[in-house]
Amino acid sequence: MKRREAVKLIGGTTAGLLLPIGARAASQSSIMITRTIPSSGEKLPVIGLGTWSVFDVDLTPANRPQLGEVLSLLVKHGGRVVDSSPMYGRAEGVVGELAAQLHLLDSLFIATKVWTKGKEAGLAMMQRSMVRMRKVDLMQVHNLSDVETQMSSLREWKTDGRIRYTGITHSQARGHYDVERTMRREKPDFVQINYSLMEPQAAQRILPLAQELRMAVIINRPFGAGALFGRVAAKPLPPWAAEIDCRSWAQFFLKWIVAHPAVTCVIPATSKPQHMEDNLAGGVGRLPDAKMRQRMLELVSTL
């Protein structure tokens, strides 16, 4: 099932979008929830934007307004974090060009990655990312590629003020053991990991360890690469989802993640403005408690 079909199931094409403040229930805040980066005290909004695949395009008169609107809506509704990688083809350059054109660079928290082997190759790749994106707040070692070498360079760049934070990433459960070892050894400011109602394994060791070591956590693959929308094919949103201010399945999936106290930010990827608004609403209003999260997990596991 396509995501747009899942949205239609819960009330038409406007379902799940951010509501005007006056139309919200009294119990629902219109302000994006924020979480603190432990190493600095800086606060980040809990919903950001991923760019894998969807921003890997040549900018044209046809797609430039749409992608620009995605970035503008992110900032307008309280988001800041945009995550990319050289692995994502043209995405870094697209983000940088649009953010500069729309005067959004100062409002965005830009994260990207280094994805290569060898110190000189890593430094060259990071420099290219800096040029493409105009600035980088967080540099991460993508999927632990040559992690000891690249983390050494990241620490040097942080000391020199070229970046503000260091990080490591992985997007598969098979890498969690190595992520855990690297977290203990390298002590990055951020760890980025896959976590969702379809892939909950990070809660076993990675998320508790991040809390113990005082690391910020970015979550990738929050929709299980889109597979969660297939799980809810032809299924209406349960009525009790209203208890946590959910109006779409996307918000249901995101609020389950955001409710974990170790999570700093979630980065669902999209190139569609209506989906960006829908995702952002997953970061406002009430969040599920432990009992509700278990109920949500059990529901999805039976679909």
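The values are calculated or read from the model by the stated rules, or taken from the named source; none is laboratory data. Here the structure is a predicted model, which means the values were calculated and not measured. Note that we place each Cβ from the backbone using ideal geometry, even for glycine, and neighbour counts take in every protein chain shown.
Given the condition assigned to a helix (DSSP H, G or I), surrounded by 15 or more Cβ atoms within 10 Å (Cβ to Cβ) and modelled with pLDDT under 95, answer yes or no: does some residue in segment 231-245 qualify?
yes
So is VAL82 under 22 Å from GLN192 (Cβ atoms) and either touching a strand residue (DSSP E or B) at 6+ places or on another chain (Cβ under 7 Å) or touching a residue at least 12 places away in the same chain (Cβ under 8 Å) (or both) or not?
Answer is yes for this residue.
Let me confirm something: among LEU73, LEU108, LEU123, LEU98, which residue is farther than 17 Å from ILE193 by Cα, touching a residue at least 40 places away in the same chain (Cβ under 8 Å) and out of contact with any Phe, Trp or Tyr (no Cβ under 8 Å at 6 or more places or on another chain)?
Unique residue meeting the criteria: LEU73.
Would you check if GLU92 is at pLDDT 95 or above, charged (D, E, K, R), farther than 15 Å from MET276 by Cβ and buried (at least 23 other Cβ atoms within 10 Å of the Cβ)?
Spelling it out, GLU92 is indeed at pLDDT 95 or above, charged (D, E, K, R), farther than 15 Å from MET276 by Cβ and buried (at least 23 other Cβ atoms within 10 Å of the Cβ).
Please state which of the following conditions SER196 fails to meet, knowing it meets all the rest: (1) closer than 23 Å to ASP56 by Cα; (2) buried (at least 22 other Cβ atoms within 10 Å of the Cβ); (3) polar (S, T, N, Q); (4) in contact (Cβ under 8 Å) with a residue 40 or more places away in the chain.
(1)
Only one of GLY11, GLY22 is outside any loop (DSSP other than H, G, I, E, B), farther than 21 Å from VAL217 by Cβ, modelled with pLDDT under 95 and out of contact with any helix residue (DSSP H, G or I) (no Cβ under 8 Å at 6 or more places or on another chain); which?
GLY22
Return only the number of the condition from (1) in a loop (DSSP other than H, G, I, E, B); (2) over 30 Å from ALA250 (Cβ atoms); (3) of a type in the set (Val, Ile, Thr) that VAL136 does not satisfy.
In the conditions (1) in a loop (DSSP other than H, G, I, E, B); (2) over 30 Å from ALA250 (Cβ atoms); (3) of a type in the set (Val, Ile, Thr), VAL136 misses (2) alone.
From (1) assigned to a helix (DSSP H, G or I); (2) closer than 25 Å to HIS142 by Cβ, pick out the condition that doesn't hold for ARG295.
(2)
What tally of residues in segment 38-78 results from selecting those that are of a type in the set (D, E, K, R), out of contact with any helix residue (DSSP H, G or I) (no Cβ under 8 Å at 6 or more places or on another chain) and assigned to a helix (DSSP H, G or I)?
Of the residues in segment 38-78, 1 are of a type in the set (D, E, K, R), out of contact with any helix residue (DSSP H, G or I) (no Cβ under 8 Å at 6 or more places or on another chain) and assigned to a helix (DSSP H, G or I).
Can you tell me which residues in segment 221-234 are touching a residue at least 12 places away in the same chain (Cβ under 8 Å) and either β-branched (Val, Ile, Thr) or out of contact with any Phe, Trp or Tyr (no Cβ under 8 Å at 6 or more places or on another chain) (or both)?
GLY224, GLY226, ALA227, GLY230, ARG231, VAL232, ALA233, ALA234
What's the number of the condition ALA121 fails, among (1) more than 14 Å from the chain's Cα centre (by Cα); (2) within 23 Å of LEU254 (Cβ to Cβ)?
So the condition that ALA121 fails would be (2).
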